[in-house]
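Structure first, then comments.
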Amino acid sequence: MRKVITALLLLLPIFMYGQELPQYVDNSLNKYFPPIIDQAGGSCAQASSIGYVCSYEMNRYLDRDASASPANRFSYQFIWNLVNDGVDQGGFAEDGLFVAMRSGAMTEEDFSTITTSAFTWPSGFEKYHNALRYRVSRFVNFSKDVDTYKRYLAGSNGAPGGILSFSGHCNGWEMIRDYSGPSGTGYKALVTKLPDDGAHAMTIVGYDDLVSYTDENGVTHEGAFIVVNSWGNSAHDRGRFYYPYDFFRDNTLPARVISNDAITAEVKYQEPRILYKLTLDYTSRDDLAYNIGATDKADSNNPDNFYFQSGMSNKGGDHYMRGTYDKEPLEFALDLTDNIPSTDPDYCRYFLKIVRTAKGRVKGEGSLKALSVIDYRSGKPVEYNYRGSLPRQIVDGDNWFIISLVPRYKVSCSPIRVSSNPLYLKTASGESATLRIGGEGKTTKITYTLRKK
């Protein structure tokens with residue numbers, strides 16, 4: 001179940017309740033906000049929720065400049081290619097935020113924008129290792145309320161506020177592109193009439209109470225949100241436009257015209273502590289699901305608990321592991337960190353279960369080529385390699401792989417010779433036993449008789 005928390009319960013401390021709001025706020029101008037995105041294909045939901053919201057919130061959290069480096073911005077296409085089933089289609093902001101909770105957010109430095117039709121998954125353990133540092137801890141829905149939105153955007157006690165993703169129709173906007181009325185933020189593009197077609201995700205970055213215009217019916221509308229789009233810097237006015245408050249106050253509008261809520265993300269930075277490193281060669285990646293776990297019992301053939309890796313399981317459509325055209329194996333990481341039961345458990349065995357089911361139109365085939373577990377808890381990474389035979393073909397159903405930290409050795413011994421047969425033994429409790437060793441050839445038989453005190 002998606003973990004959606006009511007905004008009013010989580011974010012009350014940062015709202016400016018009891019304080020007078022400024023007349024206008026534009027969070028797209030502070031250093032945390034990334035450059036305007038020109039989205040690929042139908043990726044608007046991930047451009048908004050990952051490219052804008054996650055980038056902004058992580059930079060706000062770490063006090064970084066989004067424009068200083070592509071390492072300070074997150075690749076919306078990395079997440080989009082995990083949730084779009086390998087086709088050019090849209091989705092929901094929650095889909096991407098949920099994946100960022102489980103698999104992290106990859107930076108633009110590690111995965112830049114690529115051709116839409118390739119539906120690429122980047123290869124390289126360190127790229128996934130780095131992505132797993134940047135996580136969504138939870139995402140928050142705001143019910144449609146102008147005052148609540150404004151207070152979240154304004155921030156508190158001198159600290160900048162957040163930004164919000166929302167959705168609505170976009171085909172056939174009526175928009176003024178030379179607005180010259182009152183404003184504190186100075187944008188020239190203003191939506192005057194909503195369309196009735198074309199679902200699209202956008203990002204609210206601020207507001208301006210001074211904006212005012214009169215519609216065709218002679219009704220004056222005062223105040224507007226500042227919305228950033230993902231159609232490039234040349235769209236609207238530097239990628240931005242005014243979206244009047246009154247559209248959000250009109251409860252007669254269906255949710256498809258303008259969504260009934262907006263969403264944002266709370267983020268966290270964490271160092272992964274135990275990672276699985278896999279290299280897979282497979283032809284239809286959505287067939288595969290991944291489960292990992294560990295145990296402190298050296299002879300156990302099952303983990304104490306199994307954890308389903310939902311971020312990458314059964315994702316990506318009927319494509320090779322790297323995408324449409326790249327047939328090379330994919331190297332990636334799975335993270336056990338959030339499921340370590342105590343600070344320093346003494347694990348003896350690690351488990352990976354790859355479940356193969358024919359999900360899409362094509363039933364894939366391929367093999368696991370490399371597998372290890374890397375433990376970072378001591379500060380210096382220690383890698384434990386899978387000792388079984390690889391590559392190993394992935395078959396239907398459950399494919400188990402066990403990495404044992406306690407080595408097993410093949411041993412031999414000389415034929416048993418005893419000077420006295422039977423042997424008489426005495427236990428610590430005072431009981432005695434007769435032990436007799438016998439047999440023929442290479443077969444040795446040991447029998448004993450226990451005698452009570």
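The values are calculated or read from the model by the stated rules, or taken from the named source; none is laboratory data. Only a predicted model underlies this, so the values are computations on that prediction, with no experimental measurement involved. Quick reminder, even Gly has a Cβ in these numbers, built from the backbone with ideal geometry, and neighbours come from all protein chains shown. Heavy atoms of the whole protein, side chains included, go into the accessibility calculation; ligands, DNA and RNA do not. Shrake-Rupley method; radii C 1.70, N 1.55, O 1.52, S 1.80 Å.
Please enumerate the residues belonging to region 222-259 that are on the phi > 0 side of the Ramachandran plot and touching a helix residue (DSSP H, G or I) at 6+ places or on another chain (Cβ under 6 Å).
So in region 222-259, the residues on the phi > 0 side of the Ramachandran plot come out as 223, 232, 236, 238-239.
Answer for region 222-259, where residues must be on the phi > 0 side of the Ramachandran plot and touching a helix residue (DSSP H, G or I) at 6+ places or on another chain (Cβ under 6 Å): just GLY223.
Restricting to region 26-63, give me the number of residues that are in a helix (DSSP H, G or I) and among the aromatic types (Phe, Trp, Tyr). Give the steps one after another, and end with the answer.
Pass one, region 26-63, residues in a helix (DSSP H, G or I): 27-29, 44-62.
The next check asks that each one be among the aromatic types (Phe, Trp, Tyr); those that pass are 52, 56, 61.
So the count comes out to 3.
If you check GLY223, GLY218, GLY206 for being open to solvent by 50 Å² or more (accessible area, probe 1.4 Å) and at pLDDT 90 or above, only one passes: GLY218.
Could you check, for region 29-44, whether at least one of its residues is modelled with pLDDT of 95 or more, surrounded by 23 or more Cβ atoms within 10 Å (Cβ to Cβ) and under 15 Å from the mean Cα position of the chain (by Cα)? Within region 29-44, not a single residue is modelled with pLDDT of 95 or more, surrounded by 23 or more Cβ atoms within 10 Å (Cβ to Cβ) and under 15 Å from the mean Cα position of the chain (by Cα). Can you tell me which residue is farthest from GLY158 (Cα to Cα) among those in region 30-62 that are out of contact with any Phe, Trp or Tyr (no Cβ under 8 Å at 6 or more places or on another chain) and free of Cβ contacts under 8 Å to residues at least 60 places away in the same chain? In this case the residue turns out to be GLY42. Picking from residues in region 167-203 that are open to solvent by 30 Å² or more (accessible area, probe 1.4 Å) and assigned to a strand (DSSP E or B), the one that is nearest to THR148 (Cα to Cα) is SER167. For the subset of region 264-275 comprising residues that are open to solvent by 10 Å² or more (accessible area, probe 1.4 Å) and touching a helix residue (DSSP H, G or I) at 6+ places or on another chain (Cβ under 6 Å), which member is nearest to GLU383 (Cα to Cα)? Step by step, filter region 264-275, then rank; the result is ARG273.
Per the conditions (1) surrounded by fewer than 18 Cβ atoms within 10 Å (Cβ to Cβ); (2) assigned to a strand (DSSP E or B); (3) of a type in the set (Phe, Trp, Tyr), the sole criterion not satisfied by TYR350 is (1). Restricting attention to region 133-189, the residues that are farther than 17 Å from GLY206 by Cβ, among the charged types (D, E, K, R) and free of Cβ contacts under 8 Å to residues at least 12 places away in the same chain add up to 1.
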